[in-house]
Amino acid sequence: MSITFDISTDLQARPEGISDLNLRVALYLHDEAQLEAVRRQRHSIQAREIAATAVRKAKLEKGTGFDADKSFAELRRVQQSIAERLIRI
């Protein structure tokens, strides 16, 4: 089987000295196929669709200047505040 795919120009010269590149790529693809089979068994189609939707939304938000780290920090701050109030009860 042959597979053709595009490699960015800045990456094209880098693998020239790797004598067993075909073997490494074949092993990588083999391992990835096995991982994908495990993922399909582990996660339902609905869960994979939800994850794919979340990734698409995150990419869109990233383009708008959304800062995930800042958002998670705020979530952690709020969660900590709630936990502290619950401890006092």
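The values are calculated or read from the model by the stated rules, or taken from the named source; none is laboratory data. It should be emphasised that the depicted structure is a prediction, and the values quoted were computed from it without experimental measurement. Every residue, glycine among them, receives a Cβ derived from its backbone with ideal geometry; neighbour counts consider all protein chains shown.
So that you can scan it fast, the table gives a plain yes or no per residue for (1) touching a strand residue (DSSP E or B) at 6+ places or on another chain (Cβ under 7 Å); (2) exposed (fewer than 10 other Cβ atoms within 10 Å of the Cβ); (3) modelled with pLDDT of 90 or more:
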{"residue": "27", "(1), (2), (3)": "no, no, yes"}
{"residue": "42", "(1), (2), (3)": "no, yes, no"}
{"residue": "45", "(1), (2), (3)": "no, yes, no"}
{"residue": "48", "(1), (2), (3)": "no, no, no"}
{"residue": "51", "(1), (2), (3)": "no, no, no"}
{"residue": "62", "(1), (2), (3)": "no, no, no"}
{"residue": "69", "(1), (2), (3)": "no, yes, no"}
{"residue": "76", "(1), (2), (3)": "no, no, yes"}
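Regarding residue 34, is this residue modelled with pLDDT of 85 or more, surrounded by 10 or more Cβ atoms within 10 Å (Cβ to Cβ) and part of a helix (DSSP H, G or I)? So residue 34 passes the test. Of the residues examined, residue 31 is not one that is without any contact (Cβ under 8 Å) to a residue 60 or more places away in the chain, more than 27 Å from residue 4 (Cβ to Cβ) and of a type in the set (Asp, Glu). Among the residues of region 10-25, those identified as exposed (fewer than 10 other Cβ atoms within 10 Å of the Cβ) and either of a type in the set (Ser, Thr, Tyr) or not in a helix (DSSP H, G or I) (or both) are 13, 19, 20.
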